[in-house]
Amino acid sequence: MAAPRGARFRAHHARMREGRHAWRTVLAVGLGLLLLALGLLMLVLPGPGLLTGLVGAALIAGESAFAARLLDRADLHAAHVWARWRG
């Protein structure tokens, strides 16, 4: 069952912490930081910068409660902006 808006990334973080291994944490954070950096570069270079950055942020949110809370707030804000834009 899907988590409600505003709690999605914290639920993902909780699921990821259940089967926690040190090598998986290092790999996820390292790959997340790499994708986040590539996403920032692709904002000015050709490529899907926003999508790549969001995937990197989601990988980091699986390992960091702080990042999960930030992404949940961003999710709520994006939903609010989308609802206002659609009318």
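Observations on the structure shown:
- Helical runs assigned H by DSSP (4 residues or longer) give the chain a calculated mean residue ellipticity at 222 nm of -26000 deg cm²/dmol, each run adding -39500 (n - 2.57) before division by the residue total.
- Using 0.36 nm per residue and subtracting the Cα-Cα separation, the extra length available between Leu43 and Thr25 on full extension is 3.8 nm.
- From the coordinates of this entry, Rg and Dmax of the Cα atoms in Å is computed, and it appears in (1) 14.2, 46; (2) 12.3, 37; (3) 32.4, 115 under the label (1).
- Taking trypsin sites (Lys or Arg not before Pro) in DSSP loop conformation with at most 14 other Cβ atoms inside 10 Å as exposed sites, the chain has its longest uninterrupted site-free stretch at 21-87.
- Percentage relative contact order, the chain, counting C-alpha pairs under 8 Å, at least six apart: 36
- If the chain linking Leu33 and Ala74 were pulled fully straight, counting 0.36 nm for each residue of separation and taking away their Cα-Cα distance, it would gain 12.9 nm.
- Charges were assigned to the Cβ only: +1 to each Lys and Arg, -1 to each Asp and Glu. The resulting dipole of the chain about its Cα centre is roughly 280 debye.
Bear in mind these aren't lab numbers, they're just calculated from the coordinates by the rules spelled out. In this text, all values refer to a predicted model and were calculated from it rather than measured experimentally. So basically every Cβ, Gly included, is an ideal-geometry build from the backbone, and we count neighbours across all protein chains shown.
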